[in-house]
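S.K.: I have a structure here, written as structure tokens, and I will follow up with some questions on it.
The values are calculated or read from the model by the stated rules, or taken from the named source; none is laboratory data. Every value quoted in this text rests on a predicted model; they were computed, and no experiment measured them. Cβ sites come from the backbone with ideal geometry, for glycine too, and all protein chains shown count toward neighbours.
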């Protein structure tokens with residue numbers, strides 16, 4: 001039996017109640033005792049005098065699986081050093097399961113999936129296989145609709161579902177939820193799922209609600225039509241009774257008024273709908289380079305690549321590139337080896353090197369990466385983001401901003417804000433990243449400091465993480481990762 005005794009801690013237990021002084025005894029992977037004075041000869045002692053101890057943080061919207069970083073130890077330690085012990089993937093419609101035909105086709109835009117040995121189809125098989133996968137953090141996942149849709153349709157064509165396809169999708173989702181997926185994720189801005197009808201979407205959400213799972217959604221528009229996008233989701237939540245989480249709910253510069261109006265709609269309907277949202281306190285966001293293509297340019301990747309290389313079509317396409325900020329846009333991800341040299345270059349730098357205009361440069365990035373690049377854009381109102389994070393319906397998250405690790409560390413930033421911000425007590429801020437996401441998702445025995453709960457704990461002072469305990473093992477000591485793989489698969493119970 002391994003034991004750890006934390007002494008003299010100011011305990012923030014995750015429930016939202018005020019801190020209290022206590023010792024915490026950990027035996028194996030669970031919290032064994034919480035008391036003001038514990039006399040026990042433990043294998044290891046941590047003196048937390050002057051520091052806080054909280055539950056491990058839960059990142060409710062994390063894209064590390066999309067970039068196959070969940071298969072590598074090194075990227076995962078970045079999360080642990082911020083106090084994150086659990087990440088929830090399968091977001092934005094993209095997930096590692098279910099795979100109808102054993103293909104990760106939906107991930108090819110973001111990562112080189114040839115590096116992965118795939119030997120699963122269903123979620124049950126995925127979870128069984130992943131038990132053998134060494135993990136540095138706890139990992140849970142949603143089922144991504146784009147992943148299911150792409151395999152079911154068999155080709156990258158956006159069209160409404162027929163009745164038989166809708167039945168198949170709902171059957172797959174039912175199996176996925178029962179196996180342990182936390183819910184369904186849908187990206188209404190993705191070209192494949194943008195054509196899904198209101199009726200089909202409602203049917204999917206109804207089935208999600210019946211099984212007490214969560215509907216996670218990326219809105220169709222966060223700019224001009226953000227108000228209408230939010231109204232639609234809030235109405236669906238009211239009609240179906242589903243638990244809904246809006247992903248990446250970020251205030252874009254120039255659209256702050258509409259953002260505040262959309263936020264007000266969520267507030268005004270909070271008594272009738274269970275709608276939360278997540279975001280991060282950073283001044284930029286990451287989006288696929290294909291986001292800049294005109295809406296009329298549709299079809300498979302091969303068809304689009306053919307069009308953007310056609311001299312007759314190129315001029316028309318370039319003329320529709322609007323609101324480009326070449327100094328504020330940089331290449332943050334290009335998943336294949338031959339394109340790694342592009343990462344970090346701004347659109348202005350890339351274009352100047354090739355004697356191209358910035359619009360021609362953007363098109364060139366699309367061509368040479370075959371539409372697989374992602375762009376970091378500094379177009380988020382940071383002040384509005386921080387204010388929104390303090391909202392009672394807000395959940396801090398990473399999404400895919402972790403790709404820019406030196407640019408922003410959302411949970412470290414949130415902790416810093418919480419310790420300085422007068423508008424939110426520290427214990428309420430900790431509640432947002434521990435107990436609240438655990439409650440929303442149905443994660444059992446995590447998110448609180450309680451006897452019998454898993455020992456996922458964070459020791460911090462002045463917003464700096466010193467120690468992290470994961471499933472009873474000290475994985476971060478004096479702010480250094482200890483090369484210990486103590487993570488587990490987390491499933492909906």
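S.K.: How many residues are within 23 Å of residue 411 (Cα to Cα) and not in a loop (DSSP other than H, G, I, E, B) if we restrict to the stretch 261-286?
M.R.: Final tally of qualifying residues: 8.
S.K.: Then there's this: Does residue 382 satisfy the condition of being buried (at least 23 other Cβ atoms within 10 Å of the Cβ) and modelled with pLDDT of 95 or more?
M.R.: no
S.K.: Does residue 279 meet the test of being under 23 Å from residue 323 (Cβ atoms) and surrounded by 22 or more Cβ atoms within 10 Å (Cβ to Cβ)?
M.R.: Yes, satisfied.
Yes/no per residue for (1) in a loop (DSSP other than H, G, I, E, B); (2) over 20 Å from residue 400 (Cβ atoms):
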| position | (1), (2) |
| --- | --- |
| 325 | yes, no |
| 331 | no, no |
| 338 | no, yes |
| 341 | no, yes |
| 348 | no, yes |
| 361 | no, yes |
| 370 | yes, no |
| 375 | no, no |
| 385 | no, no |
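S.K.: Looking at (1) at pLDDT 90 or above; (2) surrounded by fewer than 14 Cβ atoms within 10 Å (Cβ to Cβ); (3) out of contact with any strand residue (DSSP E or B) (no Cβ under 8 Å at 6 or more places or on another chain), find the lone condition where residue 363 falls short.
M.R.: With (1) at pLDDT 90 or above; (2) surrounded by fewer than 14 Cβ atoms within 10 Å (Cβ to Cβ); (3) out of contact with any strand residue (DSSP E or B) (no Cβ under 8 Å at 6 or more places or on another chain) applied to residue 363, the lone miss is (2).
S.K.: Moving to a separate point now. Pick from the stretch 394-453 the residues that are within 14 Å of the chain's Cα centre (by Cα) and not assigned by TED's automatic domain parsing to the domain that holds residue 270: which of them is surrounded by the most Cβ atoms within 10 Å (Cβ to Cβ)?
M.R.: Checking each candidate, the answer is 433.
S.K.: What tally of residues in the stretch 311-323 results from selecting those that are in a loop (DSSP other than H, G, I, E, B) and surrounded by 12 or more Cβ atoms within 10 Å (Cβ to Cβ)?
M.R.: Summing the residues that are in a loop (DSSP other than H, G, I, E, B) and surrounded by 12 or more Cβ atoms within 10 Å (Cβ to Cβ) in the stretch 311-323 gives 2.
S.K.: So which residues in the stretch 446-487 are in contact with a helix residue (DSSP H, G or I) (Cβ under 8 Å, 6 or more places away or on another chain) and closer than 17 Å to residue 49 by Cα, if there are any at all?
M.R.: 460, 462, 463, 465, 468
Matching residues to (1) outside any loop (DSSP other than H, G, I, E, B); (2) within 17 Å of residue 279 (Cβ to Cβ):
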{"site": "402", "(1), (2)": "yes, yes"}
{"site": "418", "(1), (2)": "yes, yes"}
{"site": "424", "(1), (2)": "no, yes"}
{"site": "437", "(1), (2)": "yes, yes"}
{"site": "450", "(1), (2)": "no, no"}
{"site": "459", "(1), (2)": "yes, no"}
{"site": "469", "(1), (2)": "yes, no"}
{"site": "474", "(1), (2)": "yes, no"}
{"site": "491", "(1), (2)": "no, no"}
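S.K.: Do we find that residue 327 is loosely packed, with under 15 Cβ neighbours inside 10 Å, in the same structural domain as residue 294 (by TED's automatic domain parsing) and in contact with a helix residue (DSSP H, G or I) (Cβ under 9 Å, 6 or more places away or on another chain) in this structure?
M.R.: Against the criterion (loosely packed, with under 15 Cβ neighbours inside 10 Å, in the same structural domain as residue 294 (by TED's automatic domain parsing) and in contact with a helix residue (DSSP H, G or I) (Cβ under 9 Å, 6 or more places away or on another chain)), residue 327 qualifies.
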